[in-house]
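The values are calculated or read from the model by the stated rules, or taken from the named source; none is laboratory data. What you see is a predicted model; the values in this text were computed from it and never measured. No Cβ is skipped: glycine too gets one built from the backbone with ideal geometry, and neighbour counts run over all protein chains shown.
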């Protein structure tokens, strides 16, 4: 039985529409992004589902590439990528639950090596000589790697688990976040602890300002045991110079960062808040209203001062990324992977 002209016309129309639809929605591939600056988005995925990824965004062209590690290497990145760091045109991605750090070349994201045998790597601090210090969620030590050779160089015994790290000169500063309430200071030459300061419960993020003052944000504990606090610490005298207490005990501020001239701090507390460090009181009105979104990641581009915020939604769906001006005006929003939480900013070398 011959098909009718109506059926033939329908089939041809369907094929054409499918072809055009595929052509219009072809994903951009690694290497097709254009621009001088790139924003790498760390998508944690759903814990134990092995669906974490990295997205790459070119701000000038407003182009996004998804799953760049998998595209470049033909394999998944692992379970819960946590953070990204840069050294010598390479990127280093700590993959928390997979117990390793991937080293990739930039901008093609080809895998160079994997730093193995870690317990639960979280963040890296890297000096100019390529010596990297790695914090750990479960291990009570900071692991040291020589990135030039890709070898383990040693360890610093902390006695506590560590989270955010700051490296300034030979001083390494570590926050003891997981059920902790201290900040530790280490001499990297001697690989020993030289001081420890008690702060509020669960210091989750830290930054250093231009006057070498350390700012530490404490959530108050996973179960809101105490009021969240923000500290300013003199790292030369180890004196706490300022303690700011949040008004709401049930809030949970996180993701402390600076604007690009270090005059104001920013943090997430359901919304995005901006605090001028010369003032004595925490802000009551947000710079960017969280509305009904599940804001999870926050970072400021060091090159432009633009603000990037992620909405992780339910940690099963794709995240939404919002790019704002310094003043908090929306510039662009787009999708990334599941559980977008971290951002890394990379400028392509002019050489």
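What's the number of the condition residue 291 fails, among (1) surrounded by fewer than 14 Cβ atoms within 10 Å (Cβ to Cβ); (2) part of a strand (DSSP E or B)?
(2)
Within the stretch 271-286, is even one residue over 20 Å from the mean Cα position of the chain (by Cα), part of a loop (DSSP other than H, G, I, E, B), within 30 Å of residue 64 (Cβ to Cβ) and at pLDDT 95 or above?
Looking only at the stretch 271-286, we keep the residues that are over 20 Å from the mean Cα position of the chain (by Cα), and these are 275-286.
From what's left, part of a loop (DSSP other than H, G, I, E, B): 277-286.
Filter once more, so that each one left must be within 30 Å of residue 64 (Cβ to Cβ): 286.
If we keep only those that are at pLDDT 95 or above as well, we get 286.
Yes, some residue in the stretch 271-286 is over 20 Å from the mean Cα position of the chain (by Cα), part of a loop (DSSP other than H, G, I, E, B), within 30 Å of residue 64 (Cβ to Cβ) and at pLDDT 95 or above.
So residue 128 fits all but one of (1) free of Cβ contacts under 8 Å to residues at least 12 places away in the same chain; (2) under 17 Å from the mean Cα position of the chain (by Cα); what number is the exception?
(2)
Out of 194, 166, 142, which single residue is within 21 Å of residue 302 (Cβ to Cβ), part of a strand (DSSP E or B) and either out of contact with any strand residue (DSSP E or B) (no Cβ under 8 Å at 6 or more places or on another chain) or at pLDDT 95 or above (or both)? Talk me through it step by step, then tell me what you get.
Details: 194 fails: within 21 Å of residue 302 (Cβ to Cβ); 142 fails: within 21 Å of residue 302 (Cβ to Cβ).
Going through 194, 166, 142 in turn, just one is within 21 Å of residue 302 (Cβ to Cβ), part of a strand (DSSP E or B) and either out of contact with any strand residue (DSSP E or B) (no Cβ under 8 Å at 6 or more places or on another chain) or at pLDDT 95 or above (or both): 166.
Can you pull out the residues in the stretch 42-69 that are assigned to a helix (DSSP H, G or I) and under 23 Å from residue 314 (Cα atoms)? Quick ask: steps written out before the conclusion?
Taking the stretch 42-69 first, the residues assigned to a helix (DSSP H, G or I) are 68-69.
Selection gives 68 alone.
For residue 104, indicate whether it is at pLDDT 95 or above, part of a strand (DSSP E or B) and closer than 27 Å to residue 225 by Cα. Break it down into steps so the answer makes sense when it comes.
Numbers: at pLDDT 95 or above: yes; part of a strand (DSSP E or B): yes; closer than 27 Å to residue 225 by Cα: no.
Against the criterion (at pLDDT 95 or above, part of a strand (DSSP E or B) and closer than 27 Å to residue 225 by Cα), residue 104 does not qualify.
Could you please let me know if residue 77 is in contact with a helix residue (DSSP H, G or I) (Cβ under 7 Å, 6 or more places away or on another chain), buried (at least 22 other Cβ atoms within 10 Å of the Cβ) and under 17 Å from residue 344 (Cβ atoms)? I'd like the intermediate steps shown before the answer.
On the way: in contact with a helix residue (DSSP H, G or I) (Cβ under 7 Å, 6 or more places away or on another chain): yes; buried (at least 22 other Cβ atoms within 10 Å of the Cβ): yes; under 17 Å from residue 344 (Cβ atoms): yes.
So residue 77 passes the test.
Filter the stretch 301-316 down to the residues that are in contact with a strand residue (DSSP E or B) (Cβ under 7 Å, 6 or more places away or on another chain), surrounded by fewer than 19 Cβ atoms within 10 Å (Cβ to Cβ) and more than 12 Å from residue 59 (Cα to Cα) and list them by number.
Result: 302, 313, 315, 316.
So which residues in the stretch 200-229 are assigned to a loop (DSSP other than H, G, I, E, B), surrounded by fewer than 22 Cβ atoms within 10 Å (Cβ to Cβ) and under 23 Å from the mean Cα position of the chain (by Cα), if there are any at all? Walk me through how you get there before you give the answer.
Just the residues of the stretch 200-229 that are assigned to a loop (DSSP other than H, G, I, E, B), to begin with: 200-202, 209-212, 219-228.
Subsequent filtering for residues that are surrounded by fewer than 22 Cβ atoms within 10 Å (Cβ to Cβ) retains 201, 209-212, 221-227.
Passing the criteria: 201, 209, 210, 212, 221, 222.
Is there any pair with a first residue in the stretch 138-150 that is within 20 Å of residue 89 (Cα to Cα) and a second that is modelled with pLDDT of 95 or more and not in a strand (DSSP E or B) whose Cβ atoms are under 6 Å apart and which are 6 or more apart or on different chains, and what are they?
147/130; 148/130
Check whether at least one residue in the stretch 49-56 is at pLDDT 95 or above, at positive phi and crowded, with 16+ Cβ neighbours inside 10 Å, and report yes or no.
no
Taking the stretch 247-269 as the region of interest, how many residues are more than 17 Å from the chain's Cα centre (by Cα) and surrounded by 13 or more Cβ atoms within 10 Å (Cβ to Cβ)?
Here is the first cut: in the stretch 247-269, the residues more than 17 Å from the chain's Cα centre (by Cα) are 247-252, 261-264.
Still in the running and surrounded by 13 or more Cβ atoms within 10 Å (Cβ to Cβ): 248-249, 251-252, 262-264.
Final tally of qualifying residues: 7.
Restrict the check to the stretch 342-350 and report whether at least one residue is touching a strand residue (DSSP E or B) at 6+ places or on another chain (Cβ under 9 Å), modelled with pLDDT of 95 or more and in a loop (DSSP other than H, G, I, E, B).
No: the stretch 342-350 contains no residue that is touching a strand residue (DSSP E or B) at 6+ places or on another chain (Cβ under 9 Å), modelled with pLDDT of 95 or more and in a loop (DSSP other than H, G, I, E, B).
Among the residues of the stretch 230-241, which ones are exposed (fewer than 14 other Cβ atoms within 10 Å of the Cβ) and assigned to a strand (DSSP E or B)? Step through it out loud before you land on a result.
In the first step, residues of the stretch 230-241 are kept if they are exposed (fewer than 14 other Cβ atoms within 10 Å of the Cβ); the result is 236-237, 239, 241.
Scanning the stretch 230-241 gives 239, 241.
For the stretch 92-101, what are the residues that are part of a strand (DSSP E or B) and surrounded by fewer than 22 Cβ atoms within 10 Å (Cβ to Cβ)?
100 - this is the single residue of the stretch 92-101 that is part of a strand (DSSP E or B) and surrounded by fewer than 22 Cβ atoms within 10 Å (Cβ to Cβ).
Quick check: anything in the stretch 320-330 in contact with a strand residue (DSSP E or B) (Cβ under 7 Å, 6 or more places away or on another chain), in contact (Cβ under 8 Å) with a residue 40 or more places away in the chain and closer than 25 Å to residue 47 by Cα?
yes
What about residue 173, is it in contact (Cβ under 8 Å) with a residue 60 or more places away in the chain, touching a strand residue (DSSP E or B) at 6+ places or on another chain (Cβ under 6 Å) and closer than 27 Å to residue 222 by Cβ? I'd like the intermediate steps shown before the answer.
Numbers: in contact (Cβ under 8 Å) with a residue 60 or more places away in the chain: yes; touching a strand residue (DSSP E or B) at 6+ places or on another chain (Cβ under 6 Å): yes; closer than 27 Å to residue 222 by Cβ: yes.
So residue 173 passes the test.
Do we find that residue 244 is at pLDDT 95 or above and crowded, with 19+ Cβ neighbours inside 10 Å in this structure? Can you show your working first?
Values: at pLDDT 95 or above: yes; crowded, with 19+ Cβ neighbours inside 10 Å: no.
So residue 244 fails the test.
Within the stretch 112-139, can you find the residues that are within 17 Å of residue 173 (Cα to Cα) and either assigned to a loop (DSSP other than H, G, I, E, B) or out of contact with any strand residue (DSSP E or B) (no Cβ under 7 Å at 6 or more places or on another chain) (or both)? Spell out the reasoning first.
To start, the set of residues in the stretch 112-139 that are within 17 Å of residue 173 (Cα to Cα) comprises 121-128, 131-137, 139.
Of everything in the stretch 112-139, those that are within 17 Å of residue 173 (Cα to Cα) and either assigned to a loop (DSSP other than H, G, I, E, B) or out of contact with any strand residue (DSSP E or B) (no Cβ under 7 Å at 6 or more places or on another chain) (or both) turn out to be 127, 128, 137, 139.
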